[in-house]
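**Student:** Next up is a structure, given as structure tokens.
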Amino acid sequence: MSTPRVYVIHENPEWFPPLAAAFEAEGVPVQEILLTEGQVDLAAEPEPGVYWSRMSASSHTRGHEHSKEYTRALLGWLERAGRQVVGGSHVLELEVSKVAQHGLLRAAGFDVPRTTAVFGTTTLKQSAATFTNGQDVPFITKHNQGGKGLGVRRFDSLAEFDAYVDSPEFEAPVDGITLLQEYLTAREPFITRAEFVGGEFVYAVRVDTSAGSFELCPADACEVPQTIAGAVCDVPGTDGGATETFSVRTEVTADHPLVQQLRGFLADQRIQIAGVEFMETTDGRTVVYDINTNTNYNPAVEAVAPASGPRSIARFLGGLLDAEYAAAAAHA
């Protein structure tokens, strides 16, 4: 058996360097488990330590179509063996399903966007007509297993949508589930992402959307058309991002009522590390629409934030690891 350490389960090495630096700065031993291929001896005992899963819903866009299934298998093995897993099986299922996120947020009393989940493509056009009551009003689509703005498009008429569904441009979702969602206009051109580590609020990020895209994941480049500016979506952004795109929203603190509500929600759902996105609309709503359980951090924000996201993660997981050491010593 090796020395206990934190094991980080993921599939995208490009996202890891800032985290590795944070673990080194905090003096926490860490090792990657890259789930693009490999094997697990199901008769063996997992190595001692703390396991943190940050599998991404967009893994299939990087050629890792099966990483979600690999993670399901690995997490089940770890959990059956009694290992401590942060971001376990129940969290993975939320990461890869906006339907599941929507249902939990709605049941917890949050204002969420009106949404219909459509299975397959044969009923997509009829479902859109039902969703809009046959009216030519704006609505958007997105993929149930999303990230990187997958499937996010705005449509202003049913004819426009029908033409898209029948065209070669149609983007089929990897799990076959397309979401139809009401189009919401932000009161000001930004959305907010509240970051939590160990169930505690770290800071809130103001993400400027005036350029016509949502730039929420600084580690992964993705742009969306100008036409969806102001819509509810979750589109990753450019590597590093511009300072004017990302900034700390200082007036959103741990005492903010929505932050307190989100903190309680994450505790109830046993989600220890996450970024939760919301927007304030022109008609006075505060709509919560996405939970990111493999959250990344913008370096421009990190440079001025009151606390560091990656360092907070390293300290939190390091504390869990210390508890593992203490428990093992007591048992011995």
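The values are calculated or read from the model by the stated rules, or taken from the named source; none is laboratory data. Just so you know, these numbers come straight off a predicted model, no measurement behind them. All Cβ positions, glycine included, derive from the backbone under ideal geometry; neighbour counts span all protein chains shown. These area figures cover heavy atoms from the full protein model, side chains too; ligands, DNA and RNA do not enter into them. Shrake-Rupley method; radii C 1.70, N 1.55, O 1.52, S 1.80 Å.
**Student:** Just to be sure I understand the curve: with the Debye formula and one point per C-alpha of the range 262-332, what is log10 I(q)/I(0) at q = 0.24, 0.25 Å⁻¹?
**Tutor:** Those come out to -1.15, -1.17, one per q.
**Student:** Another question, if that's okay. In whole Å, what three semi-axes, largest first, describe the equivalent ellipsoid of the range 117-200 built from its Cα gyration tensor (square root of 5 times each eigenvalue)?
**Tutor:** So the equivalent ellipsoid measures 26, 17, 11 Å along its semi-axes.
**Student:** Suppose a student asked you for the relative contact order of the range 114-211, using Cα pairs under 8 Å spaced at least 6 residues apart; what percent would you report?
**Tutor:** 29 percent
**Student:** Using the heavy atoms of the protein chains and a 1.4 angstrom probe, tell me the accessible area per residue for the chain in square angstrom.
**Tutor:** Solvent-accessible surface per residue comes out at 43 Å².
**Student:** Determine which residues of the range 161-184 fall in the zone a paramagnetic label at Ala129 would reach in this model, i.e. backbone nitrogen under 20 Å from the point 7 Å along Cα→Cβ.
**Tutor:** Label zone hits: 161-167, 178-182.
**Student:** Okay, moving on. Roughly how many percent of the accessible protein surface of the chain is carbon and sulfur, given a 1.4 Å probe and a whole-percent answer?
**Tutor:** 51 percent
**Student:** Using Cα pairs under 8 angstrom and six or more residues apart, how large is the relative contact order of the range 127-168, in percent?
**Tutor:** Computed value for the range 127-168: 35 percent relative contact order.
**Student:** What value, in deg cm²/dmol to 500, does the helix sum -39500 (n - 2.57) over DSSP H runs of n ≥ 4 give at 222 nm once divided by the residues of the chain?
**Tutor:** -8500 deg cm²/dmol
**Student:** For Glu11, which sequence-distant residues (separation of 5 or more, or a different chain) have an amide H within less than 5 Å of its own amide H, given hydrogens modelled in the peptide plane?
**Tutor:** Long-range HN contacts for Glu11: Leu35, Ser56.
**Student:** Just need the relative contact order of the chain here, percent rounded to a whole number, with Cα pairs under 8 Å and 6+ apart.
**Tutor:** Result for the chain is 19 percent.
**Student:** On C-alpha positions alone, give me the angle between the axis of helix 257-268 and the longest principal axis of the chain, in degrees, nearest 10.
**Tutor:** Between the helix axis and the principal axis of the chain, the angle is about 60 degrees.
**Student:** Let me ask another. Of all DSSP beta bridges located in the chain, what percent are antiparallel, nearest 5?
**Tutor:** 75 percent
**Student:** Let me ask something additional. Using 10 Å bins from zero, what percent of all Cα-Cα pairs in the chain falls into each bin?
**Tutor:** The distribution over the chain is 5, 26, 34, 23, 9, 3, 0, given as percents.
**Student:** Can you check how the C-alpha radius of gyration of the range 8-130 compares to 2.2 N^0.38 Å, as a plain ratio?
**Tutor:** 1.31
**Student:** Could you pull out every residue, at least 5 positions away or on a different chain, whose amide H is within less than 5 Å of the one on Val6? Hs are placed 1.01 Å off N in the peptide plane, and Pro or chain starts have none.
**Tutor:** Val30, Gln31, Val50
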